[in-house]
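Shown next, in structure tokens, is the structure this report addresses.
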Amino acid sequence: MALDEALLEEAETSGRPTETLRLWEPSGLVVVVGRSSRIGGEVRLEACRRAGVPVLRRSSGGAAVVTGPGCLMYALVLSLELRPQLRAVRIAHRRVLGTLAEALRPLVPGVCLRGTSDLAIGEAGSAPERKFSGNSLRLKREHLLYHGTLLYDFPLEWAGRLLAMPPRQPDYRRGRPHGSFLANLPAGAAAIRRALRTAWDAAEPRAEWPRALTARLAAERYAGAES
């Protein structure tokens, strides 16, 4: 999470349009809450403590998620000079998620955009569509950070154990608990990674990344668990 934020800050201070796609996967379970989340209303804190699962706060909005092995994480830093239409939050959600959905449909037909910032399996309007990706964004003056989760082999029962029902729910959820609302995308991590790299034309790996800034942000903002 510190690296996501560092990549955004680095782009903002670079003096030029800078875009990066980052793909990673946590090595252990972690609950991540949004920038303005009320933790007591979104997270089962006692269950997290018993399971030894840390609760961390990200720099973007949205509600709490649980992630870990079997959940591919992605982050996009996009230039608002190159993509001025993304300054409108609603359009940013539609454009980024539309690109992701189109990239994933050859792997899994029926991937659709649902709610404000979800990707789900199932044709739009059919029931029951199940969410496999939650996403959020942070806008700066010249760049946008858009990041999210892609469940593909995650033990979904952990969501119900560690998260309360969210205070705001999209209509398509229909009050379903986590266990019957979430799903794993039936595709492998390697294939998902290839699809995202192709969709965002991310052919060249970065030789360097903002190590010092990442370390500082990690120490200042992400070293301690939220409570």
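Which pairs have Cβ atoms under 8 Å, sit 6 or more apart or on different chains, and link a residue in the stretch 82-104 that is of a type in the set (Ser, Thr, Tyr) to one that is assigned to a helix (DSSP H, G or I)?
THR99/ALA199
For SER27, state whether it is polar (S, T, N, Q), closer than 15 Å to VAL65 by Cβ and surrounded by fewer than 19 Cβ atoms within 10 Å (Cβ to Cβ). Reasoning before the result, please.
Values: polar (S, T, N, Q): yes; closer than 15 Å to VAL65 by Cβ: no; surrounded by fewer than 19 Cβ atoms within 10 Å (Cβ to Cβ): yes.
Spelling it out, it is not the case that SER27 is polar (S, T, N, Q), closer than 15 Å to VAL65 by Cβ and surrounded by fewer than 19 Cβ atoms within 10 Å (Cβ to Cβ).
If a residue has to be more than 19 Å from the chain's Cα centre (by Cα), touching a residue at least 40 places away in the same chain (Cβ under 8 Å) and part of a loop (DSSP other than H, G, I, E, B) to count, how many in the stretch 198-224 make the cut?
3
Cβ-Cβ below 7 Å, separation at least six or inter-chain, first residue in the stretch 167-196 and free of Cβ contacts under 8 Å to residues at least 60 places away in the same chain, second among the β-branched types (Val, Ile, Thr): which pairs?
Every condition considered, the pairs that remain are PRO170/THR116.
Looking only at the stretch 181-211, count how many residues are within 18 Å of GLY98 (Cα to Cα) and touching a helix residue (DSSP H, G or I) at 6+ places or on another chain (Cβ under 8 Å).
8
Within the stretch 63-79, is even one residue more than 22 Å from ALA223 (Cβ to Cβ), modelled with pLDDT under 95 and surrounded by 15 or more Cβ atoms within 10 Å (Cβ to Cβ)?
Yes: the stretch 63-79 contains one or more residues that are more than 22 Å from ALA223 (Cβ to Cβ), modelled with pLDDT under 95 and surrounded by 15 or more Cβ atoms within 10 Å (Cβ to Cβ).
Anything in the stretch 43-52 that is in contact (Cβ under 8 Å) with a residue 24 or more places away in the chain and surrounded by fewer than 22 Cβ atoms within 10 Å (Cβ to Cβ)? List them, or say none. Lay out the reasoning, then the answer.
At the first step, the residues of the stretch 43-52 found to be in contact (Cβ under 8 Å) with a residue 24 or more places away in the chain are 43-45, 47-48, 51.
Passing the criteria: ARG44, LEU45, ALA47, ALA51.
I'd like the residue in the stretch 1-24 that is in contact with a His (Cβ under 7 Å, 6 or more places away or on another chain) and under 18 Å from ALA219 (Cα atoms) and, out of all such residues, is surrounded by the most Cβ atoms within 10 Å (Cβ to Cβ).
Going through the qualifying residues, I end up with LEU8.
Across the stretch 169-205, what is the total count of residues that are exposed (fewer than 13 other Cβ atoms within 10 Å of the Cβ) and either in contact with a strand residue (DSSP E or B) (Cβ under 7 Å, 6 or more places away or on another chain) or of a type in the set (Val, Ile, Thr) (or both)?
Of the residues in that region, 1 qualify.
Kindly list the number of the only condition in (1) out of contact with any Cys (no Cβ under 9 Å at 6 or more places or on another chain); (2) on the phi < 0 side of the Ramachandran plot that fails for PRO54.
Going through (1) out of contact with any Cys (no Cβ under 9 Å at 6 or more places or on another chain); (2) on the phi < 0 side of the Ramachandran plot one by one, PRO54 breaks only (1).
Is it the case that GLU5 is closer than 21 Å to THR198 by Cα, acidic (Asp, Glu) and in contact with a Leu (Cβ under 6 Å, 6 or more places away or on another chain)? Walk me through it before giving the result.
Numbers: closer than 21 Å to THR198 by Cα: no; acidic (Asp, Glu): yes; in contact with a Leu (Cβ under 6 Å, 6 or more places away or on another chain): yes.
It is false that GLU5 is closer than 21 Å to THR198 by Cα, acidic (Asp, Glu) and in contact with a Leu (Cβ under 6 Å, 6 or more places away or on another chain).
Starting from residues that are in a helix (DSSP H, G or I) and within 18 Å of the chain's Cα centre (by Cα), keep the ones in the stretch 117-168 and report whichever is surrounded by the most Cβ atoms within 10 Å (Cβ to Cβ). Walk me through it before giving the result.
In the first step, residues of the stretch 117-168 are kept if they are in a helix (DSSP H, G or I); the result is 157-162.
When the remaining residues are screened for being within 18 Å of the chain's Cα centre (by Cα), the result is 158-159, 162.
Working: TRP158: 20, ALA159: 20, LEU162: 23.
My answer is LEU162.
Looking only at strands (runs of 3 or more DSSP E) that fall completely inside the stretch 1-113, which ones have 2 or more residues that are β-branched (Val, Ile, Thr)?
Filter on the stretch 1-113 gives 30-33, 65-67.
The values are calculated or read from the model by the stated rules, or taken from the named source; none is laboratory data. The shown structure was predicted, so the numbers you read here are calculated from the model rather than taken from an experiment. For neighbour counting, all protein chains shown are included, and Cβ atoms are generated from backbone atoms with ideal geometry for every residue, glycine included.
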